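Please read the structure below before turning to the comments.
The values are calculated or read from the model by the stated rules, or taken from the named source; none is laboratory data. Predicted model, so just to flag it, every value in this text is computed and none were measured. Because the Cβ atoms are built from the backbone with ideal geometry, glycine has one as well, and the counts that use them run over all protein chains shown. Accessible surface areas use protein heavy atoms only, side chains included; no ligands, DNA or RNA. Shrake-Rupley method; radii C 1.70, N 1.55, O 1.52, S 1.80 Å.
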Amino acid sequence: RFYRFYDIEPQYHYTRKLLGFALPLARAPAACLNFNCMLILLPVCRNLLSFLRGSSACCSTRIRRQLDRNLTFHKMVAWMIALHTAIHTIAHLFNVEWCVNARVNKSDSYSIALSRLGDKPGETYLNFAREEIPNPEGGLYVAVTRVAGITGIVITLCLILIITSSAKTIRRSYFEVFWYTHHLFVIFFIGLAIHGAERIVRQQTQESLDKDNPEKCDKDPSEWGKPGKCAIPQFAGNPPMTWKWIVGPMFLYLCERLVRFWRSQQKVVITKVVTHPFKTIELQMKKKGFKMEVGQYIFVKCPKVSRLEWHPFTLTSAPEEDFFSIHIRIVGDWTEGLFNACGCDKQEFQDAWKLPKIAVDGPFGTASEDVFSYEVVMLVGAGIGVTPFASILKSVWYKYCNNATNLRLKKIYFYWLCRDTHAFEWFADLLQLLETQMQERNNAGFLSYNIYLTGWDESQADHFAVHHDEEKDVITGLKQKTLYGRPNWDNEFKTIASQHPNTRIGVFLCGPEALAETLSKQCISSSESGPRGVHFIFNKENF
């Protein structure tokens, strides 16, 4: 629509004569940029999304599942911004070159005549290149002296830095680089809002258009202004429109940050720090008025480690507990700093008053909140990705302890994939509690769990083989034996589908993208086409 508008509308007739195909090719992506820049901030307004997730009046389960894909949507919009920025920039490079050439008489006679408009009193210019400086100096002069050129360079550089630092490798290994460069979005949006303030893309005014039709008057520009001939066309710039698109989302995001700041100022007390094997620590905390649901996550800041950095962690405690907890695996500079700040690098007992101050923002909703909306669920965790399911399983345990009779959830299939045996230790106690609880209540079939060891050496394998016939597993101490290798998901899905016909089964994953892709495809292929058949509904943690 916008491409055709700039390609055929009469008010841009002379602008097209000067700029050619590059006019609509620059303006159409600019309109798409406005729309996408309006959307880009909405998926990262975590409090807004959590409010919508929690509002049953406006969010059904299907809509909530779409909200859980907020980061995927954010990335898609970002790539669209990058694509349209590239097209818009390339088109304007042609525009600048052609305008500068026309201004220094290195173009066709018609473009030269249009470029001279505005040189005399009473005329308005069409060509934004007013200085007679040849290329490439003339193009550079326009870029560094015009507001559109300066802001265009700044916002393009910001966009390049933001996108390149968002690569998975940098996010995982150099999170600080990702975090700091992402906050260049402030400069990006300021530059975007004032990018069109100088109004360099010009159109014929409506008054001039009403007097003289450009299709009749464009034959000979040398005749313009003579008695009995067409009047000299008058031009004006387009009013800036981008700010109208982005002011609403920017206001929402400002409110979002104010809410985050207010919550981050509330006092948090670390009540307990537990060091687990596999370089994992558990922080148990209390905060006045803190309320959570299963599977939610929080953002944590430790000013002693970094005054600006916030990192997301899934809550591993249950809503029924009087504290909230997170498990942190030590994998980078920030987590290493927190590990040392909590005194976990020391052998002696650490006094509570020596523990660092912690700021907490959240909790925020995730897909795992919907686990109690299904009768049957599959929970799949990989490594430390088991943390949201710790909260779910704890909550189930508390519900059974309190004789919950209105629990919709009737069956849990739990899968945990780990590379080595150390990762099992901190979670095995919870599974043992659940195992015992279900047996005491004659409901041992409620929880079926499968623990897979995906990496082991030959000596371990010999040791496992010797103790295979023992009543309890040699690694976890559970009655369910540890399995080796990876699950055959096709068989697992077929087995579960046969045991629960005509059922909607929720599949919840917290793990790597490769596993997510596998399970997503498996959910589609294993679901029946009819409305009454078995359907696997895939849900993935994203934060």
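For the chain, the solvent-accessible area works out to 51 Å² per residue, with a probe of 1.4 Å and every protein chain left in place. Here the spin labels are modelled as points 7 Å beyond Cα on the Cα-Cβ line, and at residue 69 and residue 521 they lie 1.8 nm apart. Using the Cβ-Cβ distance between residue 153 and residue 454 with R0 set to 35 Å, the FRET efficiency works out to roughly 0.10. When you restrict to C-alpha pairs under 8 Å that are six or more residues apart and normalise by the size of the chain, the relative contact order lands at 11 percent.
Orientation-averaged projection of region 358-418 equals 5.5 nm² [convex hull of Cα atoms, one quarter of hull surface area].
State the Kirkwood hydrodynamic radius of region 267-364 in Å, one decimal place, computed from all pairs of distinct Cα atoms.
Value: 13.6 Å, from the Cα pair sum.
Note on region 133-234: semi-axes of the ellipsoid equivalent to its C-alpha gyration tensor, largest first and rounded to whole Å, are 47, 15, 11.
Remark on region 181-318: ratio of C-alpha radius of gyration to 2.2 N^0.38 Å is 2.08.
Sorting the segments 356-368, 187-199 by their residues' average number of neighbouring beta-carbon atoms within 10 angstrom, most packed first, yields 356-368, 187-199. Computed packing ranks the peptides 288-297, 527-536, 170-179 as 288-297, 170-179, 527-536, most packed first, by mean other Cβ atoms within 10 Å. For the chain, adding -39500 (n - 2.57) for each run of n ≥ 4 DSSP H residues and dividing by the number of residues yields -14000 deg cm²/dmol at 222 nm.
Here region 1-114 is treated with +1 on each Lys and Arg Cβ and -1 on each Asp and Glu Cβ, and its dipole about the Cα centre works out to around 520 debye.
If you put +1 on each Lys and Arg Cβ and -1 on each Asp and Glu Cβ, how big is the dipole of the chain around its Cα centre, in Debye rounded to 20?
Magnitude of the dipole: close to 1500 debye.
Each peptide in 227-236, 337-346 was scored by the mean count of other Cβ atoms within 10 Å over its residues; highest first, the order is 337-346, 227-236.
If R₀ is 45 angstrom, what is the calculated FRET efficiency for the pair residue 145 and residue 177, using the beta carbon separation as r and rounding to 0.05?
Numbers: r = 33 Å, r/R0 = 0.73.
Result of the calculation: an efficiency of 0.85.
Quick check on region 80-159: what does the Kirkwood estimate of hydrodynamic radius come out to from the alpha carbon pairs, in Å? Answer for region 80-159: a Kirkwood hydrodynamic radius of 13.4 Å. Summarising the overall dimensions of the chain from its C-alpha atoms, the Rg and Dmax are 31.3, 109 angstrom. Subtracting the Cα-Cα distance of residue 321 and residue 51 from their residue separation scaled by 0.36 nm leaves 94.9 nm. By the Cα gyration tensor, region 174-244 has an equivalent ellipsoid whose semi-axes, rounded to whole angstrom, run 46, 11, 8 from largest to smallest.
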